[in-house]
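As structure tokens, the structure follows; a few thoughts come after it.
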Amino acid sequence: MQDVASLVTQAREGRPRAVARLISLVEGASPQLREVMAALAPLAGNAYVVGLTGSPGVGKSTCTSALVTAYRRQGRRVGVLAVDPSSPFSGGALLGDRVRMSDHASDPGVYIRSMATRGHLGGLAWAAPQAIRVLDAAGCDVVLVETVGVGQSEVEIASQADTSVVLLAPGMGDGIQAAKAGILEIGDVYVVNKADRDGADATARELNHMLGLGESRGPGDWRPPIVKTVAAREEGIDEVVEALEKHRAWMEERGVLAERRLARASREVETIAVTALRARIADLHGDRRLSALAERIVAGDLDPYQAADSLVKGLTEG
């Protein structure tokens, strides 16, 4: 058993091993998970959480690394949560993001953690919200969350980040993808990376056109900016940081940041409650109560919805 109080203290002091152990407890659904979350609750809520998403190959990791450099120049502590797709065989991940961000490995002001999705859909790992809280409580000023390469519907990052950055690249059909459901609805800042390639200006124009078509904004509402970058050379990254800071200021002024964080906490509570309920239902397989309800459905005495209501009532009152 880990000494959670000691780990939290060490994490606040910037010791990467303590942060790693706390995230491992979260990721492994340790029996100490509740103790960890209780210890972190008073310490979290200060970090600015930025999510980066986009199709595979647009340069998410390179852009994330460049953003880390930019924020470190400002003297900010940065946490990076890089979510990699899991192997369907071992459940592990390639952890390629840590390879591409190796320039920051020796910087004590940067903590980088790769997490496997382990089959969780939406572009994130199931433990991502708790891992973000660990980095937040450990004193990170900015937490960058990089999703796996996602399609038009895997946009869960929008529910976990204060600001969502959608990356596109010329020559990858991203202009067409941008028109599809999902991707236009989650971006607060759009980045056309690899802007030194042919077609970058056309991609930006097409994206701007699509944003205009889908627009239903009133005066003073946020209009997502489109920033062109060459992240491999850190070109345009300062402009991305500037766009992020403007969005954060707009959210704070309008009360949107508090609303987003409240909604995020609500979803987290709901997810934990539903997960616990599912676990209890799973334990019922072979239980006489479930068999009795099934028999009544087959006999026509009960419909499935009535049976489900009865089961939920029994579980919540039991």
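Taken together, the values in this text are just the output of simple stated rules run on the coordinates, not laboratory data. What you see is a predicted model, and the numbers here were worked out from it, not measured in a lab. Ideal geometry is used to build each Cβ from the backbone, glycine not excepted, and the neighbour counts take in all protein chains shown.
General remarks:
- Net lengthening on full extension, Gln74/Glu239 (0.36 nm per residue, minus Cα-Cα): 58.0 nm
- Extension gain from Leu213 to Val312, taking 0.36 nm per residue of separation minus the Cα-Cα distance: 31.2 nm
- Extension gain from Ala29 to Ala273, taking 0.36 nm per residue of separation minus the Cα-Cα distance: 86.4 nm
- Rounded to the nearest 20, the Cβ-based charge dipole of the range 238-318 about its Cα centre (Lys and Arg +1, Asp and Glu -1) stands at 300 debye.
- For Gly54, nonlocal amide neighbours, meaning residues 5 or more places apart or on other chains whose placed amide H falls under 5 Å from its own, are Val150, Leu167.
- Charge dipole of the range 214-276 about the Cα centre (unit charges at C-beta), most positive-ward option of Ala276, Met251, Val230: Ala276
- Placing +1 on the Cβ of every Lys and Arg and -1 on the Cβ of every Asp and Glu, with no other charges, gives the range 9-67 a dipole of roughly 100 debye about its Cα centre.
- Calculated from backbone phi, Karplus (6.51, -1.76, 1.60) coupling profile of the range 187-196 in Hz, x at Gly/Pro: x, 9, 9, 10, 10, 9, 7, 6, 6, 7
- Projecting the Cα atoms of Ile23, Ala11, Leu67 onto the charge dipole of the range 1-74 (Cβ charges, centred on the Cα centre) puts Leu67 farthest toward the positive pole.
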